[in-house]
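Worksheet: one structure, shown below.
The values are calculated or read from the model by the stated rules, or taken from the named source; none is laboratory data. Because the structure is a prediction, the values reported are computed rather than measured. Don't worry about glycine lacking a Cβ; one is built from the backbone with ideal geometry, like all the others, and counts go over all protein chains shown.
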Amino acid sequence: MADYLLIDGYLELLRSHLRFRSDVDDLIAEAADHLCSTHDRLVFRGTETLEAERIALGLFGQPDLVARAMSGSPSGGLAVPSDSTIQAGSLAIWGGVLWLFAVVAWWPAGAIAPWGELDRNFTAILWIVGWCALMGALVLTFNTVGALHTRHGGLGRIGTMGMILTGLAVIAGMPAWVFLGWGFALALGLGLVGVAAFRRGIAPRMPVVTLGAGVATGGAVWVICSRSTGWFPRYTGIWGETWTINLAAVTVAAVVVAVGLFGVGAWLRGEEPAGFDLTGSLATTIGRAEST
Amino acid sequence: MSGQAMKGHLDLLLLAVLSDGAKHGYAVIDALRERSAEAFDLPEGTVYPALHRLEASGMLSSEWSEVGGRRRKTYRLTKKGWGSLTVERHAWDEFSGAIMSVLKGATWPTTS
């Protein structure tokens, strides 16, 4: 909030006290609304703006006192980096690599093999390698979703639904030809997780958006290309007429998801594990969490 | 009145203020101050944890909206909150009535 010099500083201080609560954004938003309402009312009555900020902050209370009081109220969970979330960060990066690797393996097979220019055995090997890479990528993507959930101290109802859908999609993706809806479930699951993580605002938002929207973007590409009237090349042989469309959609989805996994992974991996500073509000919160 | 004196009564006061209808935190605290003729002197920021506690225990429900570019959380009494308010108000009436009965019969000490 650019117009509130002192209030902004106060809120930053309060945020630093409450940074390990999963609901920190909601707490800060509520405090900001209160302080700005007090300020605006005072200014309306003729108080000078800086003085109005001082009075508003004085009435609200010292940040450490308020943070201590807020630390005692229930929260969804601790939003702390840990050794497991840091390790999950490295695995997320490997997940991104596997998404790309699957596509790289499939491109020669998918783009050339239908026209019979590749050895059949070599094509089969490429398919198997690509499929294995994709399965690994799906598992590591789900692991990253779990790490996001843990790191945010829970992602709420929407995020949990997204996690469950993603998990089911990963399981169904193994024998994908039986469960045709797995791609849709994966797109929806990752999308819901992305929305929940975006709203919590702890993870950097751009990678969260790309991770959440990657598979859906691939789906959108599929829809657009399949409705094209001639400008997108189609294969009409034994591999099915949507084959080239499938390949384009999977490529777009894989690249966008991989970018998201790289971003989220780099963020998770770059954090310091909590536990190095068990003082103040964190100690209070952890003590409360452990006692329940 | 000090925060210590209010301790233990804050939940009842917040429920009573919200019995008029849904309010956001600032309005709750403002109503609390006005109705008590500014007698209640608490750091405003420490009232929010009590609202959160009441919400977590199911006495209050809340919803977020956007007002003037700011996110605003509005609280309202739930059925459980209404029930609790009724019970607590009755208990308070009995308690304060008993205290008044005792005080009316007491001889006040002189200060000189």
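Just to be sure, is residue A:157 out of contact with any Cys (no Cβ under 8 Å at 6 or more places or on another chain), of a type in the set (D, E, K, R) and under 19 Å from residue A:86 (Cα atoms)?
Values: out of contact with any Cys (no Cβ under 8 Å at 6 or more places or on another chain): yes; of a type in the set (D, E, K, R): yes; under 19 Å from residue A:86 (Cα atoms): no.
No; evaluated as a whole, the condition is false for this residue.
Of all the residues in region A:80-93, those that are crowded, with 16+ Cβ neighbours inside 10 Å and closer than 14 Å to residue A:142 by Cα number 6.
Could you say which residue among B:34, B:66 is of a type in the set (Asp, Glu) and under 24 Å from residue A:3 (Cα atoms)?
Details: B:34 fails: under 24 Å from residue A:3 (Cα atoms).
None of the others qualify; the one that does is B:66.
Of the residues making up region B:72-82, at least one is within 14 Å of chain A (Cβ to nearest Cβ) and over 16 Å from the mean Cα position of the chain (by Cα). Give region A:7-24 a look and list any residue that's buried (at least 17 other Cβ atoms within 10 Å of the Cβ), more than 9 Å from chain B (Cβ to nearest Cβ) and part of a helix (DSSP H, G or I), or say none. Result: A:7, A:10, A:11, A:15, A:17, A:24.
Please verify whether region A:185-201 includes one or more residues that are touching a residue at least 60 places away in the same chain (Cβ under 8 Å) and not in a helix (DSSP H, G or I). Yes - at least one qualifying residue is present in region A:185-201.
With A:131, A:106 as the choices, which residue is in contact with a Ser or Thr (Cβ under 9 Å, 6 or more places away or on another chain), closer than 24 Å to residue A:214 by Cα and at pLDDT below 95?
The match here is A:106.
Mind listing whichever residues of region A:83-103 are among the aromatic types (Phe, Trp, Tyr) and modelled with pLDDT under 90? Talk me through it step by step, then tell me what you get.
Of all residues in region A:83-103, those among the aromatic types (Phe, Trp, Tyr) come to A:94, A:99, A:101.
None - no residue of region A:83-103 is among the aromatic types (Phe, Trp, Tyr) and modelled with pLDDT under 90, so the list stays empty.
Listed residues B:85, B:15, B:32; which is more than 12 Å from chain A (Cβ to nearest Cβ), assigned to a helix (DSSP H, G or I) and at pLDDT below 90? Write out each step before concluding.
On the way: B:85 fails: at pLDDT below 90; B:15 fails: at pLDDT below 90.
None of the others qualify; the one that does is B:32.
Tell me which residues, restricted to region B:66-90, are small (Gly, Ala, Ser) and in contact with a helix residue (DSSP H, G or I) (Cβ under 9 Å, 6 or more places away or on another chain). Listed by number, the residues that qualify are B:68, B:81, B:84.
Out of contact with any helix residue (DSSP H, G or I) (no Cβ under 9 Å at 6 or more places or on another chain), without any contact (Cβ under 8 Å) to a residue 24 or more places away in the chain and acidic (Asp, Glu), is that true of residue B:55? Yes: the conditions hold for residue B:55. Taking region A:42-91 as the range and being within 13 Å of chain B (Cβ to nearest Cβ), assigned to a helix (DSSP H, G or I) and in contact (Cβ under 8 Å) with a residue 24 or more places away in the chain as the test, the residues that pass are A:56, A:57, A:60, A:63, A:64, A:66, A:67, A:68, A:70, A:71.
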